[in-house]
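Everything below concerns the one structure shown next.
Bear in mind these aren't lab numbers, they're just calculated from the coordinates by the rules spelled out. Note that this is a predicted model, so its numbers are computed, not measured. Note: ideal-geometry Cβ built from the backbone for every residue, glycine included; neighbour counts use all protein chains shown.
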């Protein structure tokens, strides 16, 4: 019953956000979600995935290898969020992690995850990045790098402090503000991806050990 109530709550929260996307006003994390289409897409995807995973385990459906055959998945994209391709990539990453957490009965961690990586990020720090292109690109690249690193045999911890993530920006022409904006996104995306990679890697290790 508790799972069903949580599922209905998350579903209602998602649909209410459709008319006016509440993520863009989410306390503590909105500054990241409003400046990165990838991050915003991840947030939408995580919600959808968690809802599906929570429903599957509640009704006894076996864990799905992929979600392509699931009907009714809502991308929730709007042009105000930024480039659609970046949003969709984030959505795919988020729905995978959301489903895993929902099906496993784990806490809905997306909100706290984004709040933790939004610390010290202020609008003024992104003033040198019109359209927030560099921040978004940095976040997406950082997530992919962090995910790969988190899932490797070299990773011993799940959460890492984004402030200690090293960043080498591809921004050229000595554009220091753009470089800094890219790295602001990269470090935060890396921290999120690292946790996700570690979580999925740990699941795979436990499955292998149980055989």
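If you go through region 54-73 and keep only what is surrounded by 14 or more Cβ atoms within 10 Å (Cβ to Cβ) and in contact (Cβ under 8 Å) with a residue 40 or more places away in the chain, you end up with 54, 55, 56, 57, 58. Looking across region 76-95, the residues that are touching a residue at least 60 places away in the same chain (Cβ under 8 Å) and part of a helix (DSSP H, G or I) come down to 81, 93. crowded, with 21+ Cβ neighbours inside 10 Å, in contact (Cβ under 8 Å) with a residue 60 or more places away in the chain and under 28 Å from residue 176 (Cβ atoms): does that describe residue 140? Criteria met by residue 140.
One residue stands out among those in region 102-112 that are assigned to a helix (DSSP H, G or I) and touching a helix residue (DSSP H, G or I) at 6+ places or on another chain (Cβ under 7 Å): the one that is surrounded by the most Cβ atoms within 10 Å (Cβ to Cβ), which is 102. If residue 148 passes every condition in (1) surrounded by 16 or more Cβ atoms within 10 Å (Cβ to Cβ); (2) assigned to a helix (DSSP H, G or I); (3) under 16 Å from the mean Cα position of the chain (by Cα) but one, which one does it miss? With respect to (1) surrounded by 16 or more Cβ atoms within 10 Å (Cβ to Cβ); (2) assigned to a helix (DSSP H, G or I); (3) under 16 Å from the mean Cα position of the chain (by Cα), residue 148 is out only on (1).
Rundown of residues vs (1) exposed (fewer than 14 other Cβ atoms within 10 Å of the Cβ); (2) closer than 19 Å to residue 137 by Cβ, yes/no style:
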{"position": "80", "(1), (2)": "yes, yes"}
{"position": "93", "(1), (2)": "no, yes"}
{"position": "96", "(1), (2)": "no, no"}
{"position": "100", "(1), (2)": "no, no"}
{"position": "114", "(1), (2)": "no, yes"}
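Is it the case that some residue within region 157-166 is more than 20 Å from residue 97 (Cα to Cα), part of a helix (DSSP H, G or I), touching a residue at least 12 places away in the same chain (Cβ under 8 Å) and within 21 Å of the chain's Cα centre (by Cα)? Among the residues of region 157-166, at least one is more than 20 Å from residue 97 (Cα to Cα), part of a helix (DSSP H, G or I), touching a residue at least 12 places away in the same chain (Cβ under 8 Å) and within 21 Å of the chain's Cα centre (by Cα), which makes the answer yes. Could you look through region 31-53, keep only residues that are in contact (Cβ under 8 Å) with a residue 60 or more places away in the chain and over 13 Å from the mean Cα position of the chain (by Cα), and pick out the one that is surrounded by the most Cβ atoms within 10 Å (Cβ to Cβ)? Among those that are in contact (Cβ under 8 Å) with a residue 60 or more places away in the chain and over 13 Å from the mean Cα position of the chain (by Cα), it is 35.
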